[in-house]
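Below: the structure, in structure tokens.
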Amino acid sequence: MKIAVLPGDGIGPEIVAQAVKVMKALAGDGLKLEMEEAPIGGAGYDAAGDPLPESTLALAKAADAVLLGAVGGPRYDTLDRPLRPERGLLRIRKEMNLFANLRPAFLYPELASASTLRPEVVAGLDIMIVRELTGDVYFGQPRGIEIRNGERVGFNTMLYAESEVRRVAHVAFGIAMKRGRKLCSVEKANVLECSELWKEVVIEVAKEYPEVELSHMYVDNAAMQLVRNPRQFDVIVTGNIFGDILSDEASMLTGSIGMLASASLDQNNKGMYEPIHGSAPDIAGKNIANPLATILSVAMMLRYTLNQEAAAVRIENAVKKVLAQGLRTADIYTEGTKKASCSEMGDAVVAAL
Ligand code: NAD
């Protein structure tokens, strides 16, 4: 199994180094993992004048899965837009046709006090949001700003082809089968034709997954239910813009940006795995970043692309163990726990494996 490792910028190299330690430990135990690194984002610009160097894209395409740290930093904010780090990230997602974005929101019991919601509301929280990533109002044509009747109007097009809905619905049903077998499709079918089609297609796909209990919810209600009673959800599937908003809302239920992993998958479950947070330039180079989101991204990679469930569970259990031992990086530190640096946390996870 070949893994393209793209550390990126800011804290990217520090946190990815910890994830690499974990993969090396698994490889030492017999898992056939090979890793190769390449620059992306600002590092890509520095190395090759391009936030997505051709050699990096080629490596990513040839690999079985991609592990990414994060991209971006103030040094690159004044570059022409096509040269900026974030452009490299958008391009690699598009080039690899990563249309299904998986964002789990999982609350570790030890971190319950980090949530802004009361512990009894979020205890046991374990949601997976599947967001469509390459369609919807973000990409639909026509779009623009023009003069109509003597004033400027801005417009975008919410658009989904049924094939786009079908393929992401299959991903979501497949994931629901591996979890609690409950899927909630979120749309706004009471007002939007695009959502009406979305709902129809999801219902069609559901016939192939009779064991999954399918429900439907309007997005405004879903936003409310996520803070009222988030534990009612197992898997949520939704379009690009609704998913953008709901997945950020759901991730913050757990209170800790340094803990959450994500995956972006293509048609064949090949994917790019990354923490949900950015390159955190404010703490880069200080060895204090939380590497657990990146380490947990490796667990997702083993589960969803490499079909190594046992190894995925081993990583997740190791993370639970270090948290139970009271080890905390600065972002999740509370009184009475033990402060660990980024590399100490990586070492502790390897030891717990
Ligand atoms: P950010 O996620 O980088 O940081 C937000 C806050 O969370 C900061 O205070 C940071 O120190 C903290 N934080 C983030 N990850 C952490 C970790 N692992 N451990 C401890 N603390 C952590 O978001 P931002 O500050 O808005 O953006 C910084 C840069 O990252 C920008 O250039 C932005 O474009 C980029 N960015 C990249 C991605 C990505 O690569 N996928 C995503 C978001 C932002």
Scan A27, A43 and give me the residue that is over 18 Å from the mean Cα position of the chain (by Cα) and under 29 Å from V313 (Cβ atoms). A27
Where residues in the range 229-239 are of a type outside the set (K, R) and surrounded by fewer than 23 Cβ atoms within 10 Å (Cβ to Cβ), which of them is nearest to the ligand (Cβ to nearest atom)? P230
Flag if K321 is more than 21 Å from I3 (Cα to Cα), without any contact (Cβ under 8 Å) to a residue 24 or more places away in the chain and surrounded by fewer than 21 Cβ atoms within 10 Å (Cβ to Cβ): no
Which residue is farthest from M301 (Cα to Cα), if the candidates are limited to the range 257-287 and must be within 8 Å of the ligand (Cβ to nearest atom) and touching an Asp or Glu at 6+ places or on another chain (Cβ under 7 Å)? S279
Which of the following residues is among the charged types (D, E, K, R) and surrounded by fewer than 22 Cβ atoms within 10 Å (Cβ to Cβ): E37, E14? E37
From the list G336, G255, which one is out of contact with any helix residue (DSSP H, G or I) (no Cβ under 9 Å at 6 or more places or on another chain) and modelled with pLDDT under 95? G336
Among what's in the range 62-86 and is among the basic types (K, R) and surrounded by fewer than 20 Cβ atoms within 10 Å (Cβ to Cβ), pick the residue that is farthest from the ligand (Cβ to nearest atom). R81
Any residue in the range 186-206 that is within 25 Å of A312 (Cβ to Cβ) and surrounded by fewer than 21 Cβ atoms within 10 Å (Cβ to Cβ)? no
Take T116 and decide whether it is more than 11 Å from the ligand (Cβ to nearest atom), buried (at least 24 other Cβ atoms within 10 Å of the Cβ) and not hydrophobic (A, V, I, L, M, F, W, C). no
Consider Q225 against the criteria (1) without any contact (Cβ under 8 Å) to a residue 40 or more places away in the chain; (2) assigned by TED's automatic domain parsing to the domain that holds I92; (3) among the polar types (S, T, N, Q); (4) more than 30 Å from M35 (Cβ to Cβ): it satisfies all of them except one. Which criterion is unmet? (2)
Quick one: V298 ticks every box in (1) assigned by TED's automatic domain parsing to the domain that holds L111; (2) more than 11 Å from the ligand (Cβ to nearest atom); (3) surrounded by 23 or more Cβ atoms within 10 Å (Cβ to Cβ) except a single one, so which number is it? (1)
Filter result (out of contact with any Leu (no Cβ under 6 Å at 6 or more places or on another chain) and more than 11 Å from G346 (Cβ to Cβ)) within the range 282-299: D282, I283, A284, G285, K286, I288, L296, S297, V298, A299
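The values are calculated or read from the model by the stated rules, or taken from the named source; none is laboratory data. Predicted model only: the values in this text are computed from it and were never measured. Ideal geometry is used to build each Cβ from the backbone, glycine not excepted, and the neighbour counts take in all protein chains shown.
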